[in-house]
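Data first, discussion second: the structure below is written as structure tokens.
The values are calculated or read from the model by the stated rules, or taken from the named source; none is laboratory data. Computed from a predicted model, the values in this text were never measured in an experiment. As a convention, Cβ positions derive from the backbone with ideal geometry for all residues, glycine included, and neighbour counts pool all protein chains shown. Ligands, DNA and RNA are excluded from the accessible area calculation, which covers all protein heavy atoms including side chains. Shrake-Rupley method; radii C 1.70, N 1.55, O 1.52, S 1.80 Å.
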Amino acid sequence: MIKLTLGYSTLASRVESIVEPPVHDNWESVLIVQNPSGEAWESNRSKQLASRADTSFEILQSKGVAKSRNRAIWLARGEYLVFSDDDITFSESGLETALEFLDQHPAYSLLLAQAVDETGALRKRYPSGVAELNSFNSARAATYEMIIRVDAVRRLGVVFDEQFGAGAENYLGDEYIFIVDLMRAGGRCVFAPITIATHPTESSGSRWGSDRDRVARAKIFTRVFGVWAPFVRLPFGIRRLKELGGLGNLLKFVFAK
């Protein structure tokens, strides 16, 4: 049986730049290409990747990273699935350690690991030890930090909300919403300080500067907490007051304006 599926999401225009997936005896890579305009995307690079026995391509005539993630869940032949973007470099030893952790803790449907930037520094402040996830400590999750137990997620019927994430109008928060939905469906999720990937410093999750960024973040909390969202946005916004740009924007954030 295949142990791990690496589910990559990319655009037709970016296939050429996909970081080489790791090669492992019982791992596979599924490269999901968003190509809503039907543009030509095959190249020497894509042919080289397609020539690998452990690698396959899936073309979507749609846009939105959440749609790609959902397709990966159903295409995966592995016991586990780690999500990836085209600019992720995985640590093979880190992934092996993460899979060992999941093998040893079968109660968990999802493991959230950690990543470093191109300098080798951790990309954010992570817990120092293993920590059970909940609705309040998982908001900063990145997709390439997430490994799911495929059968458990399928059985619980949880998918990414396609109204959120890169390529959608609400271009943030798909990872957090997925984790919360999984926990509410009965899945247990955990963080472990295992470094599995390298990702460039800049990402959509680090953007705060515009009104659009503020509104997109506010909508995430509305989706997760419903009518209680303002009470959650207030302490969160106070902690990120500098990024929000002052008290006026804090109030707008709290009331999703």
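Tell me the residue from Ala72, Ala115 that is under 24 Å from Ile194 (Cβ atoms) and touching a Gly at 6+ places or on another chain (Cβ under 6 Å), please. Working first, answer last.
Values: Ala115 fails: touching a Gly at 6+ places or on another chain (Cβ under 6 Å).
Just a single option satisfies the conditions, and that option is Ala72.
Scanning the range 77-87 for residues that are closer than 14 Å to Ser56 by Cα and either open to solvent by 10 Å² or more (accessible area, probe 1.4 Å) or of a type in the set (Val, Ile, Thr) (or both) yields one hit, Arg77.
Among all residues of the range 98-108, there is at least one that is assigned to a strand (DSSP E or B), in the same structural domain as Glu28 (by the TED database) and farther than 30 Å from Ser210 by Cα. Among the residues of the range 164-199, those identified as at pLDDT below 95, open to solvent by 30 Å² or more (accessible area, probe 1.4 Å) and over 24 Å from Tyr126 (Cβ atoms) are Gly167, Glu169.
Among helices (runs of 4 or more DSSP H) lying entirely in the range 210-250, which contain 1 or more residues that are farther than 18 Å from Leu172 by Cβ?
Numbers: elements: 211-225, 229-239, 241-244.
Ranges flagged: 229-239, 241-244.
Could you tell me whether Ser13 is among the small types (Gly, Ala, Ser), at pLDDT 95 or above and surrounded by fewer than 22 Cβ atoms within 10 Å (Cβ to Cβ)? So Ser13 does not fit the description; no.
Residue-wise test of (1) closer than 30 Å to Gly226 by Cβ; (2) in contact with an Asp or Glu (Cβ under 9 Å, 6 or more places away or on another chain); (3) in a strand (DSSP E or B).
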residue	(1), (2), (3)
Arg77	no, yes, no
Phe83	yes, yes, yes
Lys124	yes, no, no
Ser135	yes, no, no
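Being closer than 18 Å to Tyr8 by Cβ and of a type in the set (A, V, I, L, M, F, W, C) is the filter; apply it to the range 33-50 and report the residue that is surrounded by the most Cβ atoms within 10 Å (Cβ to Cβ). So the residue we want is Val33.
Residues that are more than 14 Å from the chain's Cα centre (by Cα) and part of a helix (DSSP H, G or I) within the range 55-75 comprise Trp74, Leu75, listed in sequence order.
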